[in-house]
Amino acid sequence: MSSLPRTPQTIARTVQDLLYAVSAGSVRNTYPRGAGTKPVPVELTPAERAVAASQLADVLQEWGDVDPEGRNAWETAFLQDPEADPETYAGRQGRRPVR
């Protein structure tokens, strides 16, 4: 059984989520009182951010394989952001990227 490649739009959304995860101050919700209760945000640990950074590298490679022109256009635009870090692609100072 062969799997179809993900669409460039799906990959781009994954990149946005991972960029948020690698940024300093990023949080994830926890539910200490169980499912359906009020979430409590907890800052991601350095280890969790490192996993996200590794995943980001893989997803950027996937995007380049599926849609090299789109990935290059995104990278060019992203790196023009004065807060972007060309080494890690982290930026936006912990703010969630706009969809």
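The values are calculated or read from the model by the stated rules, or taken from the named source; none is laboratory data. Because the structure is a prediction, the values reported are computed rather than measured. With ligands, DNA and RNA removed, areas are computed over all heavy atoms of the protein, side chains included. Shrake-Rupley method; radii C 1.70, N 1.55, O 1.52, S 1.80 Å.
Key figures
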| quantity | calculated |
| --- | --- |
| Accessible solvent surface per residue of the stretch 1-79, calculated while the other protein chains remain in place, 1.4 angstrom probe, Å² | 65 |
| Net lengthening on full extension, K38/D58 (0.36 nm per residue, minus Cα-Cα) | 3.9 nm |
